[in-house]
Structures are given as structure tokens and as C-alpha cells.
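The structure's right below; bear with me while I get my questions together.
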Amino acid sequence: MASLVMPRLSLSSWAPVFKVLAVLWMVLAAFMVVPWLVLLAEGDPDAHAFALSMAIVLATVASVLLLTRHVPIALKPRQMFVLTTLSWLTVSGFASLPLVLGAPQLSFTDAVFESVSAITTTGSTILVGIERLSDGLKLWRGMMQWLGGIGIIVMAIAILPFLKVGGMRLFHTESSDWSDKVMPRTRGIAKATMSIYLGLTALATLCYWLAGMLPLDAVVLAMTSLSTGGFANSDASFSAYAHQPVLLWLGSLFMLSGALPFVLYIRAMRGTPGVLWRDQQVRGMLVLLALAIGVLTAYRVLGGLPVFESLSQVTFNVVSVVTTTGYASDDYTQWGALAIVAFFYLTFVGGCSGSTSGGMKIFRFQIALLMLRNQLRFLIHSNGVFAQRYNDSILSDEIGRGVVAFSFFFFLTVAGLALGLSMLGLDLVTALSGAATAVANVGPGLGEIIGPAGNFSTLPDAAKWLLCVGMLMGRLEILTVLVLLTPMFWRK
């Protein structure tokens, strides 16, 4: 036990972390103003819940800023690991306050589960009768996911490359202007990213509304489509609009937009419009989507369903799962055995690095295939020297080690979480798919309980807390959290 050194929690060491956290909490309180004003205008009593929530958050902010008023903000790598994890933990906690104090009056466990699911853009929900919620709470659920979406993009671009645990390091050669100088130019990257994110959200809102959605639904579903979060304003999710194919296709388009690397959007806007198609990661995701959609559409058509209806439903649900959005326009677990297995596999994939998507990310599968091909070459030509290239650049051993380490701990986390859920009495399908959907940040699992037609409300509280851990670890790329649990990290 002597090797375990307790963390040094002196004010001088960790005050900068809490000062930055206070700024993030202030931003969260500022966003609470929007649903509060909506509720005031409607005369809804939930306005008091938001007013009290803002007061609690701002009182905490004032206390922290007062205690750290003389502390400069200069973060070291070790502090950034702590900041990254604490920011998602604390923001999720404060964001749950309106759910506890408002009309749903959720238990602490349920409120935290809902907010963690929202902030991590997972999309799992414990709410029943979402249609009966106040407009302010519906809007807040969408806003939480929207904030989580922009948060993960900024983290992927500005923090994870510095910590050497994210896939954005793959942009070093082709976009060195962004990655090699990411820390000095964080403000510029964040502003450009926010502009694109806002623009796409506004476009999605307009398209949804013109295509026939109710105004509030258009706003909320636009936010949750671009953030690949998956919250909707009814228990039926997107199936409330499943009878309108144009909305299914628009939903597919905007979910896909959120799953592409935002750093490539920036480059496209700055004079290289073909950069998205030339990116190997983007092409890989589009090919995977085309294959999955083609196979499942043919499977349904052979079962006697109309071609266009099958294509629309399959496209929407496959894009939803691969991008980890988690909408459901139909209960795809009723499509047959092939569909169930296919959707379970697709749960793990995820979108592109530097997007709002969760999952393992396309690039890790591509690099794993490159490493496998290289290993097979070595078996045939043991003395050969083979360069591994990705996006026209040579892959470093560091990236290869990172992919192997992440993949191992990703599946270890899923396995451990599934084991814990099974010990709480959940059946195999619920435990395994629940663990997978939490760590991959997808939303719905499989089976009658947490499948596309169900939700997580009936799970025991202990299971909900385990899933919260899984959602946070998946959103933070797992290694960012695990490093905090090592004694070495806390040694001076």
C-alpha cells in the first residue's frame, strides 16, 4: 500500500481546474435562461424550478470564483485530465436540477441518469409520457444534448490530441495547421466549430419545420440530430413522424452531418471543398453505411415489404445507430434475426473522430485492418519492411498502440459493465446490449425492456448508476478516465 500516494489537493495545485469549471457552470446557467423564459411566457410553474436551479449554479460559481480570484488559469497536462473528467461529471450533475425540481420531480438517480445520458449524447431515457412535459423541459432536454455535442467536438479537437488519447492526431500531416498548433489556436478553432454547429442546427430546424414538424419538435430534433443525441419530444421517438418519408431522409442527412469530422468542415469552408470525400475515414463510414443499408433493405424487401418504405426505414435506423444518435422510427428488433444481429454489431461502430458521435469510431477499425494486413505480410515475408499509410500519411507506432489499447479497454469496459448488470438480475440480452449502448453512447439497446420500443425506467437504481459510469467513460474515450485511477498519475 505504500506505493499508493494520495492526490495533492492543495489550492495552488487544483484551483485553476475549479476556476475553469466555474466558467463552464456559468455557461450552463446562461443556457438555462432560455427554457426559463419560455416557461415564464407560458405561465408554467416549471419556471420556478429553472429559477432555483440557476440560483444554485450561480451561487456555486460565485463561491468558487471568490476562492480562486487570485489564481491564474495555467493548466498542466495532469490538470487537464482531471478537468476533462470533472467537467462532464459536474455539468451533468447541475444540469439534472430542473428535472428534480420541475414537474417530473424525478428521483436523484433518475435525474442524474437522464442528464448524463443527455450531456454524453447517449439518448437513453427513463422518462415515460414525454409528451406531457412542459415545453421548457422538452427544450432543456434538447439543449443538454446540443451542449454535449459541441463539448465533445471541442474536447476532441483541442484537448484529446494534447493528451494523446484521441483520433484527431491522425490529422497531423494533412491538416497540420490545425493539429500541430491546436493549443495556441484553440479559440479560433472553437469559434469556427461553433459557427458551423450553429449553422447546421439552424438549417436542420428550418428543414424539419418546412417538412411538417411542429415548431418545438423542429428545434429540439434539430439539436439532437446534429449532436447525434437522439432525444425526442415523445415516447415514440422519431416514429411519430415515420409516416413522412421526407422527414426520415432529412433526419438521416443531419445525423450523418453530425457524425463527420468538424475540422474537415472548417477546411472545406476555407478553400478545399473536396476534403470531406478525400478523407479515408469519411469514405469508410459511407461505404459501411451503404453495405448495411443495402443488405438490410434487400432482407426486408425479400420479406414482402415495399422497396421505398424499406429503404427509408432501413436508412434512417442504420444511420441512427452507426452515428450513435439512437432515434428509432420503427422497432427494428421485430425485423428478424439478421436485423437484430446487424444492429448489435453496428452499435459498436460510431462515426468519425472529431464529430459528435460516440462509439469506437471508424478510423480505429480501419487502422486495425491495416495492422492485420501488415501482420499477414510479415508472416509471408518475415524480413520485409512495410509502411502503414492512412490518409496518405505514414502511421506512427504511437497511433497503433493507442488503437490497440483503446480497443482492448473498450471491450473490457463493456464486458465488465455487462457482468455487473447481470449480477443485478438483468437478462443476457438486456445486460449485454445495455452495456454496449452505454459505452458506445448509442441510446436504445435490444430486448423488450430497453429496446427501441422500451426505455430504462424499470431498471434498478444500481443498474442506472453503472450505466452512467459506462456512458461517461465511453464519451471520454475511456483512457482519459482510467488514467485517473492509476497511482502513478497522482505521484508528484
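Determine if segment 342-352 includes at least one residue that is over 22 Å from the mean Cα position of the chain (by Cα), among the aliphatic types (A, V, I, L, M) and modelled with pLDDT under 95.
To start, the set of residues in segment 342-352 that are over 22 Å from the mean Cα position of the chain (by Cα) comprises none.
Looking through segment 342-352, none of the residues is over 22 Å from the mean Cα position of the chain (by Cα), among the aliphatic types (A, V, I, L, M) and modelled with pLDDT under 95.
Something else about it: What is the number of the single condition among (1) at pLDDT below 95; (2) open to solvent by less than 60 Å² (accessible area, probe 1.4 Å); (3) more than 28 Å from the chain's Cα centre (by Cα); (4) not acidic (Asp, Glu) that Ala59 does not meet?
(1)
Would you check if Leu75 is open to solvent by 40 Å² or more (accessible area, probe 1.4 Å) and over 30 Å from Ser355 (Cα atoms)?
It is false that Leu75 is open to solvent by 40 Å² or more (accessible area, probe 1.4 Å) and over 30 Å from Ser355 (Cα atoms).
Filtering segment 334-350 down to residues that are open to solvent by 10 Å² or more (accessible area, probe 1.4 Å) and small (Gly, Ala, Ser), which residue is nearest to Thr120 (Cα to Cα)? Spell out how you get there, then give the answer.
Applying the first criterion (open to solvent by 10 Å² or more (accessible area, probe 1.4 Å)) to segment 334-350 yields 334-338, 340-342, 344-349.
From the residues that got through so far, the ones that are small (Gly, Ala, Ser) too are 336-337, 342.
Working: Gly336: 30, Ala337: 30, Ala342: 24 Å.
Only one residue fits best here, namely Ala342.
Right, here's the next one. Kindly check whether there is at least one residue in segment 45-58 that is closer than 22 Å to Ser134 by Cβ and outside any helix (DSSP H, G or I).
There is at least one residue in segment 45-58 that is closer than 22 Å to Ser134 by Cβ and outside any helix (DSSP H, G or I).
Taking Pro98 and the conditions (1) within 18 Å of the chain's Cα centre (by Cα); (2) open to solvent by less than 20 Å² (accessible area, probe 1.4 Å), which numbered condition does it fall short on, given that it satisfies the others?
All conditions are met except number (1).
If you don't mind, another one. Here is a list of conditions, (1) at pLDDT 95 or above; (2) open to solvent by less than 40 Å² (accessible area, probe 1.4 Å), and Leu253 meets all of them except one; can you say which number that is?
(2)
Tell me yes or no: at least one residue of segment 221-234 is polar (S, T, N, Q), open to solvent by 30 Å² or more (accessible area, probe 1.4 Å) and in a helix (DSSP H, G or I).
no
Now, a different point. Does Glu477 satisfy the criteria of being among the acidic types (Asp, Glu) and under 19 Å from the mean Cα position of the chain (by Cα)?
Yes: the conditions hold for Glu477.
So that you can scan it fast, the table gives a plain yes or no per residue for (1) among the aromatic types (Phe, Trp, Tyr); (2) more than 20 Å from Thr121 (Cβ to Cβ); (3) open to solvent by 10 Å² or more (accessible area, probe 1.4 Å); (4) not in a helix (DSSP H, G or I):
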position	(1), (2), (3), (4)
Cys352	no, no, no, yes
Met360	no, no, no, yes
Gln366	no, yes, yes, no
Ser382	no, yes, yes, yes
Ala387	no, yes, yes, yes
Gly400	no, yes, yes, no
Phe409	yes, yes, yes, no
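Here's a follow-up. Which members of segment 433-467 meet the condition of being out of contact with any helix residue (DSSP H, G or I) (no Cβ under 8 Å at 6 or more places or on another chain) and not in a helix (DSSP H, G or I)? Give the steps one after another, and end with the answer.
Going through segment 433-467, the residues out of contact with any helix residue (DSSP H, G or I) (no Cβ under 8 Å at 6 or more places or on another chain) turn out to be 448, 455, 460, 462.
Within segment 433-467, Asn455, Pro460 qualify.
For residues that are buried (at least 20 other Cβ atoms within 10 Å of the Cβ) and of a type in the set (Val, Ile, Thr), tally how many sit in segment 18-56.
Residues that pass the stated criteria total 1.
Could you pull out the residue among Met143, Met155, Met80 that is under 29 Å from Ala240 (Cα atoms), aliphatic (A, V, I, L, M) and open to solvent by less than 20 Å² (accessible area, probe 1.4 Å)?
Residue meeting the stated conditions: Met143.
Which ones in segment 256-267 are part of a helix (DSSP H, G or I), open to solvent by 10 Å² or more (accessible area, probe 1.4 Å) and not aromatic (Phe, Trp, Tyr)?
If the condition is that a residue be part of a helix (DSSP H, G or I), open to solvent by 10 Å² or more (accessible area, probe 1.4 Å) and not aromatic (Phe, Trp, Tyr), then Leu256, Ser257, Arg267 are the ones that fit.
Would you confirm, using the coordinates I've provided, whether Gln375 is under 30 Å from Gly454 (Cβ atoms) and either touching a strand residue (DSSP E or B) at 6+ places or on another chain (Cβ under 8 Å) or of a type outside the set (Val, Ile, Thr) (or both)?
No: the conditions fail for Gln375.
The values are calculated or read from the model by the stated rules, or taken from the named source; none is laboratory data. Because the structure is a prediction, the values reported are computed rather than measured. No Cβ is skipped: glycine too gets one built from the backbone with ideal geometry, and neighbour counts run over all protein chains shown. Please note that ligands, DNA and RNA were not included when accessible areas were found on the heavy atoms of the full protein model with its side chains. Shrake-Rupley method; radii C 1.70, N 1.55, O 1.52, S 1.80 Å.
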